[in-house]
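Peer 1: Pasting a structure here, questions to come.
The values are calculated or read from the model by the stated rules, or taken from the named source; none is laboratory data. In this text the structure is predicted, and so the values were computed from the model without any measurement. With ideal geometry, Cβ positions are generated from the backbone for all residues, glycine too; neighbour counts draw on all protein chains shown.
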Amino acid sequence: MPNSSDQHGDRIQPRTLKGFRDYLPEVMILRERLIETAQKIYRSYGFAPIDTPALEYLDILLGKGSEETDKQLYQFEDHGGRSVGLRFDLTVPLARFVAQHAATLGMPFKRYHIGTVWRGENTQRGRYREFLQCDFDTIGTESIVADIETVLVIHDLFRAIGFSRFTILVNDRRVLSGLLQNLALGRQEPAILRALDKLPKIGLDHVADEIISCSGASMKQVDRILAFAGLEGSNRNILEKIHSMIAGSAIGESGARSLDQFLAGVIAAGVPTERVQLDPAIARGLDYYTGTVLETRLDDLPEIGSVASGGRYDSLVDLFAKQKLPGIGASLGLDRLLAAMDALGMTQPVRTPADVLIPYFERDHLGDYLQLAARLRESGLAVEVFPDAKKLGKQLQYANRRGHRVAIILGANEFAGGICQVKNLASGETSAVPLTETLSEIVLEISRVLEINRNQ
RNA sequence: GUGGUUGUAGCUCAGUCGGCUAGAGCGCCAGAUUGUGGUUCUGGAUGUCGAGGGUUCGAGUCCCUCCAGCCACCCCA
């Protein structure tokens, strides 16, 4: 082409891979807020932060989640010919981590880990190939206290984020195993659980068909399974029925006893009963779960799926260490949660993290503006100085669009009078405040305006 | 990964049967108003029509491939 060498021809098209995204400030501010909330809640229970590499040896990651997760693994050879993979969750790397560092960590070990994970699967709303998980886990104890705490943390976290309408669905894999054992279907467990997992989505009839076709179970067996999975009522009610249906199976009974203690503990800790629902159909797709399993659904947006889930994995670390290191934990799917909050209109766009803008008004007073900003920051405020001495109206317009809450107007008149105007950008009101040595009046006035805004 | 569907300005979208230089609203920039924003008025800029190829005298429009979004399956956060 004759003009292929002009300004367009050789340019690289800016683009991102399917399922991978850029985060603009108004999204990133929300993400960071959620991260901060999660950190705060996790720390309040004694979970300590760790980090691990994004890339692991392939054999660390393969065969841990399920056949499906193996397929979704991003894997390749590095420059040294090593087979490596990007982590698809934070739990498997944690198992490796504790196996490697158990001696120095001490048990029980409680950690949180906020990090990116990658899954090469097809995208959808709330479903990406690169996304952030916020995990917390307790390693090295089989105590039901750890299971109970897992629910408490999720509950506190969702409350802190601002949700009231959510349900934490819980179950124990062992009661499902017990049931299938009693029905002599133990060998087909994975396939049956997978079918069962779809119950809320495709209904009893379709699940029945699928169980029969995947496991060869008889109608009678299927009826028993569906009767079990479809149990409804209060948690106490369901528990009683579970107890009777898995009677005789050692593993089933241990699961049911565990559920008793688990639910009692959760309620004792103050979680409202309606937020914790025992659901015998919850199975989870990852192979490493051995006991308690849980999912969190938003009552107003159930179709987006689980936004926080996890469970107990008492044998996962066995794959990496001789020492018996049981674990339990859960993961908040931050990007999915954000997609849900967006769909629910819970995300008010914020474009700036700075409450205060100082317009650059008098060209000759740059030093004064910079000094004022610096001193206001010392008192804990986030302050931005506009870089160009444009018309005041332009600068206020900028402040308005960006979402600054306060502008400090300081021109020739104010300098002469030894004052400044503190302008509430939401209401338009200004008040003249003396520019004193300590700036205490200004800080007080800004705080007052911010407080008014916050209460609106 | 499979199937369906969509892709036109920063955003939401129109664009007839294939036919002139691709439009609207909102937003953006400038001015009205060189010391006070959000309202109003006036003016202005902005598109490789998702990308590449094909059919045609002629393609935003038809065909193929690819890329991306959405939905379903699968699986999951």
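Peer 1: What pairs come up if the first residue lies in the range A:240-255 and is farther than 16 Å from A:Asp279 by Cβ, the second is surrounded by 14 or more Cβ atoms within 10 Å (Cβ to Cβ) and of a type in the set (Val, Ile, Thr), and their beta carbons are under 7 Å apart, counting only those six or more places apart or on different chains?
Peer 2: Correct list of pairs: A:Gly252/A:Val175; A:Gly252/A:Ile246; A:Glu253/A:Ile246.
Peer 1: Determine whether the range A:263-278 contains at least one residue that is surrounded by 13 or more Cβ atoms within 10 Å (Cβ to Cβ), of a type outside the set (A, V, I, L, M, F, W, C) and within 16 Å of A:Ala146 (Cα to Cα).
Peer 2: Looking through the range A:263-278, at least one residue is surrounded by 13 or more Cβ atoms within 10 Å (Cβ to Cβ), of a type outside the set (A, V, I, L, M, F, W, C) and within 16 Å of A:Ala146 (Cα to Cα).
Peer 1: Check A:Ser331, A:Ser306 and return the single one that is near RNA strand B (Cβ under 10 Å from one of its atoms) and assigned to a loop (DSSP other than H, G, I, E, B).
Peer 2: On inspection, the qualifying residue turns out to be A:Ser306.
Peer 1: Let me ask you something else. Looking at this structure, is A:Ile452 under 20 Å from A:Val350 (Cβ atoms), among the hydrophobic types (A, V, I, L, M, F, W, C) and at pLDDT below 95?
Peer 2: For A:Ile452, the condition - under 20 Å from A:Val350 (Cβ atoms), among the hydrophobic types (A, V, I, L, M, F, W, C) and at pLDDT below 95 - is met.
Peer 1: Go through A:Pro387, A:Pro434 for me and flag whichever is farther than 30 Å from A:Pro349 by Cα and in contact (Cβ under 8 Å) with a residue 12 or more places away in the chain.
Peer 2: After ruling out the rest, the residue left standing is A:Pro434.
Peer 1: Still on this structure: Starting from residues that are in a loop (DSSP other than H, G, I, E, B) and within 13 Å of RNA strand B (Cβ to nearest atom), keep the ones in the range A:334-354 and report whichever is nearest to A:Ala407 (Cα to Cα).
Peer 2: A:Thr352
Peer 1: Let me ask another. Please specify each residue of the range A:90-118 satisfying the condition of being of a type outside the set (A, V, I, L, M), surrounded by fewer than 22 Cβ atoms within 10 Å (Cβ to Cβ) and within 13 Å of RNA strand B (Cβ to nearest atom).
Peer 2: Those that are of a type outside the set (A, V, I, L, M), surrounded by fewer than 22 Cβ atoms within 10 Å (Cβ to Cβ) and within 13 Å of RNA strand B (Cβ to nearest atom): A:Gly115, A:Thr116, A:Trp118.
Peer 1: Evaluate the following for A:Gly380: is it within 30 Å of A:Cys420 (Cα to Cα), outside any loop (DSSP other than H, G, I, E, B) and modelled with pLDDT of 90 or more?
Peer 2: no
Peer 1: Take the range A:309-328 and flag every residue that is part of a strand (DSSP E or B) and either away from RNA strand B (no atom under 15 Å from the Cβ) or more than 30 Å from A:Ala103 (Cβ to Cβ) (or both).
Peer 2: If the condition is that a residue be part of a strand (DSSP E or B) and either away from RNA strand B (no atom under 15 Å from the Cβ) or more than 30 Å from A:Ala103 (Cβ to Cβ) (or both), then A:Ser309 is the only one that fits.
Peer 1: With closer than 22 Å to A:Met341 by Cα and either more than 18 Å from the chain's Cα centre (by Cα) or away from RNA strand B (no atom under 15 Å from the Cβ) (or both) as the only criterion, which of A:Tyr42, A:Tyr57 stands out?
Peer 2: Sole residue among the options that is closer than 22 Å to A:Met341 by Cα and either more than 18 Å from the chain's Cα centre (by Cα) or away from RNA strand B (no atom under 15 Å from the Cβ) (or both): A:Tyr42.
Peer 1: Name the single residue, out of those in the range A:263-294 being within 21 Å of the chain's Cα centre (by Cα) and closer than 30 Å to A:Gln100 by Cβ, that is nearest to RNA strand B (Cβ to nearest atom).
Peer 2: A:Gly285
Peer 1: I'm trying to understand the selection: among the residues of the range A:361-377, which are within 12 Å of RNA strand B (Cβ to nearest atom), surrounded by 17 or more Cβ atoms within 10 Å (Cβ to Cβ) and in a helix (DSSP H, G or I)?
Peer 2: Across the range A:361-377, the qualifying residue is only A:His365.
Peer 1: Let me ask something else. Could you tell me which residue of the range A:399-427 is nearest to RNA strand B (Cβ to nearest atom), considering only residues that are at pLDDT below 90 and at negative phi?
Peer 2: Within the range A:399-427, the match that is nearest to RNA strand B (Cβ to nearest atom) is A:Asn400.
Peer 1: Would you confirm whether or not the range A:203-224 contains a residue that is crowded, with 17+ Cβ neighbours inside 10 Å and closer than 30 Å to A:Ala48 by Cα?
Peer 2: no
Peer 1: For the range A:383-398, how many residues are more than 8 Å from RNA strand B (Cβ to nearest atom), surrounded by 14 or more Cβ atoms within 10 Å (Cβ to Cβ) and part of a loop (DSSP other than H, G, I, E, B)?
Peer 2: 2
Peer 1: Which helices (runs of 4 or more DSSP H) does the range A:15-102 wholly contain that include 1 or more residues that are modelled with pLDDT under 90 and either on the phi > 0 side of the Ramachandran plot or of a type in the set (Val, Ile, Thr) (or both)?
Peer 2: Here the list reads A:25-44, A:67-72.
Peer 1: Filter the range A:271-289 down to the residues that are modelled with pLDDT of 95 or more and part of a loop (DSSP other than H, G, I, E, B) and list them by number.
Peer 2: A:Val271, A:Pro272 - these are the residues of the range A:271-289 that are modelled with pLDDT of 95 or more and part of a loop (DSSP other than H, G, I, E, B).
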